[in-house]
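Undergrad: Mind having a look at this structure? Questions to follow.
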Amino acid sequence: MPPKKKFLSMTLMDISSPFYRQAHSVDACCESVPAALHDQGANMNMAQNIAQTSSQIGGKERPVPLNFAWLQRGAEPRQAVVPVFLPFRGCPVRCVFCAQDVQTGVGDCQNPDCAEGSRAASVEGLLLAARESLRLRHESGQPAAELAFYGGTFTALPEEDMAACLNLACEAQEKGWIGSFRCSTRPDRVDAPILERLRAAGCGVVELGVQSFADSALAASRRGYTGGTAQAACVLVRAAGLKLVVQLLPGMPGHSPQFFMDDVPAALAVGAQMLRFYPCLVLEGTGLAAMWRDGSYKPWPLEDTLESLAHGWLVAARANVPVIRMGLAPEPGLESAVLAGPVDRELGGRVKGRALLLAVRELLGENAATPAAQFDLQLPRSAQGFFWGAKGELRARWAALGLRTVSFDDNTSPQLVFI
Ligand code: SF4
């Protein structure tokens, strides 16, 4: 685990970015509450603030408001997504960690020699199935969905496939089946003209499989581009008026927790509006499986992964940027294909529990785990599901921090009460 000081300085590193400032402005109203402690204040002397707030309030029990805006944020209303998985289609290389055929539950539609089930997954067949699904949804009175092209390098599709995908998207919009569509692609396969073509066809969101901004990790994973290329691609997506999702792959070959600590603020600084964290797994049939077998690659241990993701999740949450996915979706066949790596069905909740613990620990500063820091917590109900981690795994850590009791109530403002 990298030193805490370094993490804090990275959190601040990108505050000068216009994108970062924009993301933070949502919580600007908190600044009119002088007695409150602000979660964005990783740069503050927290212990000093606690002392100041406590003296203002006086009395034996000293409540300190918790302006963890990210904790109180309600779940965004979610639009249904109708995905079209195009495994490896358009990909210039097959990346060492990637098994899109397994990850998406669809066969390899790029390989003409693939198995019977995969041949059914021709681009034409996949688009027909998606069209039918959208039509049926609409006819049964369901609201417009979002069409999503995943699993390959969308912006490098052969022209025939690209035209077919965009035709479906346009038809579906004209008929009111979808509001817009999204696609995923590689950072080194986007430029202004293709992004403009997507936008004109009704694309709303581009997901970039950045994986990391660290040059050495990108080189070790043979991604074929640099961190600078990835940053430039992010800026292009935003400049085209498209929403940007950045996908990160903590634990990829050559990666380190420190790199991941840098990757999250780097993604925010170049305008990421949503993030996905996919901890690197060793999947059967990939180049990584061979590297794992010959000992040249070791996946991150689960606990290290949880801690790193918690730091990253907190940085994103403070910037009001949601992490919309942690870990691969549990597609059929995925579980049996995982050879090694930090796989966990409860990954998201365990990460959030650690993130909350981390936020309170930062708030307590030097007072953490001292007699002066015995406290009760009042939190919104949304925190109840993940507060203790999986099977109460965080109980001992909360107790060591000084927690006496915790209550979950949406009618009380979140606060920390010193006893
Ligand atoms: S990681 Fe992306 S570019 Fe690489 S093989 Fe998988 S889908 Fe293709």
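The values are calculated or read from the model by the stated rules, or taken from the named source; none is laboratory data. Note that the coordinates shown come from a computational prediction; the quantities given were computed from them, not determined experimentally. Every residue, glycine among them, receives a Cβ derived from its backbone with ideal geometry; neighbour counts consider all protein chains shown.
Undergrad: Determine, yes or no, whether GLU207 is under 30 Å from GLN142 (Cα atoms), of a type in the set (Asp, Glu) and crowded, with 22+ Cβ neighbours inside 10 Å.
TA: Numbers: under 30 Å from GLN142 (Cα atoms): yes; of a type in the set (Asp, Glu): yes; crowded, with 22+ Cβ neighbours inside 10 Å: yes.
The answer is yes for GLU207.
Undergrad: Scan segment 245-269 for residues that are buried (at least 24 other Cβ atoms within 10 Å of the Cβ), aliphatic (A, V, I, L, M) and more than 12 Å from the chain's Cα centre (by Cα) and report the count.
TA: 2
Undergrad: Given the conditions (1) of a type in the set (A, V, I, L, M, F, W, C); (2) free of Cβ contacts under 8 Å to residues at least 40 places away in the same chain; (3) crowded, with 24+ Cβ neighbours inside 10 Å, and given that ALA200 satisfies all but one, which numbered condition is not satisfied?
TA: Just one mismatch for ALA200, condition (3).
Undergrad: Determine whether segment 148-166 contains at least one residue that is more than 16 Å from the ligand (Cβ to nearest atom) and either modelled with pLDDT under 95 or of a type in the set (Val, Ile, Thr) (or both). Outline the logic, then answer.
TA: At the first step, the residues of segment 148-166 found to be more than 16 Å from the ligand (Cβ to nearest atom) are 159-160, 163-164, 166.
Next, only the ones that are either modelled with pLDDT under 95 or of a type in the set (Val, Ile, Thr) (or both) stay: none.
Checking segment 148-166: not a single residue is more than 16 Å from the ligand (Cβ to nearest atom) and either modelled with pLDDT under 95 or of a type in the set (Val, Ile, Thr) (or both).
Undergrad: Going by the structure shown, is LEU283 assigned by TED's automatic domain parsing to the domain that holds VAL210 and either touching a residue at least 12 places away in the same chain (Cβ under 8 Å) or surrounded by fewer than 17 Cβ atoms within 10 Å (Cβ to Cβ) (or both)?
TA: Working: assigned by TED's automatic domain parsing to the domain that holds VAL210: yes; either touching a residue at least 12 places away in the same chain (Cβ under 8 Å) or surrounded by fewer than 17 Cβ atoms within 10 Å (Cβ to Cβ) (or both): yes.
Judged against the criteria, LEU283 is a match.
Undergrad: Quick check: is even one residue across segment 307-319 more than 19 Å from PRO253 (Cα to Cα), assigned by TED's automatic domain parsing to the domain that holds VAL245, under 16 Å from the mean Cα position of the chain (by Cα) and part of a loop (DSSP other than H, G, I, E, B)?
TA: yes
Undergrad: Just for segment 49-81: of the residues that are among the aliphatic types (A, V, I, L, M) and modelled with pLDDT of 75 or more, which one is nearest to the ligand (Cβ to nearest atom)?
TA: In this case the residue turns out to be VAL81.
Undergrad: Then there's this: Which ones in segment 172-226 are within 16 Å of the ligand (Cβ to nearest atom) and of a type in the set (Val, Ile, Thr)?
TA: Once the filter is applied, which keeps residues that are within 16 Å of the ligand (Cβ to nearest atom) and of a type in the set (Val, Ile, Thr), segment 172-226 yields THR185, VAL190, ILE194, VAL206, VAL210, THR226.
Undergrad: Would you list the strands (runs of 3 or more DSSP E) that sit entirely within segment 320-419 and hold 1 or more residues that are basic (Lys, Arg)?
TA: Numbers: elements: 323-326, 338-340, 375-379, 403-408, 415-418.
Ranges flagged: 323-326, 403-408.
Undergrad: Please determine whether any residue of segment 334-341 is under 25 Å from GLY385 (Cβ atoms), surrounded by 18 or more Cβ atoms within 10 Å (Cβ to Cβ) and touching a Lys or Arg at 6+ places or on another chain (Cβ under 7 Å).
TA: The answer is no; no qualifying residue exists.
To keep it simple, each residue is scored yes or no on (1) surrounded by fewer than 19 Cβ atoms within 10 Å (Cβ to Cβ); (2) in a helix (DSSP H, G or I); (3) free of Cβ contacts under 8 Å to residues at least 12 places away in the same chain.
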{"position": "SER133", "(1), (2), (3)": "yes, yes, no"}
{"position": "PRO143", "(1), (2), (3)": "yes, no, no"}
{"position": "LEU147", "(1), (2), (3)": "no, no, no"}
{"position": "MET162", "(1), (2), (3)": "no, yes, yes"}
{"position": "CYS165", "(1), (2), (3)": "no, yes, no"}
{"position": "LEU168", "(1), (2), (3)": "no, yes, no"}
{"position": "ALA172", "(1), (2), (3)": "no, yes, no"}
{"position": "SER184", "(1), (2), (3)": "no, no, no"}
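Undergrad: Quick one: would you say MET261 is under 24 Å from ASP344 (Cα atoms) and within 16 Å of the ligand (Cβ to nearest atom)?
TA: no
Undergrad: Tell me, which residue of segment 82-109 that is more than 9 Å from the ligand (Cβ to nearest atom) and in contact with a Lys or Arg (Cβ under 8 Å, 6 or more places away or on another chain) is modelled with the lowest pLDDT?
TA: Checking each candidate, the answer is CYS109.
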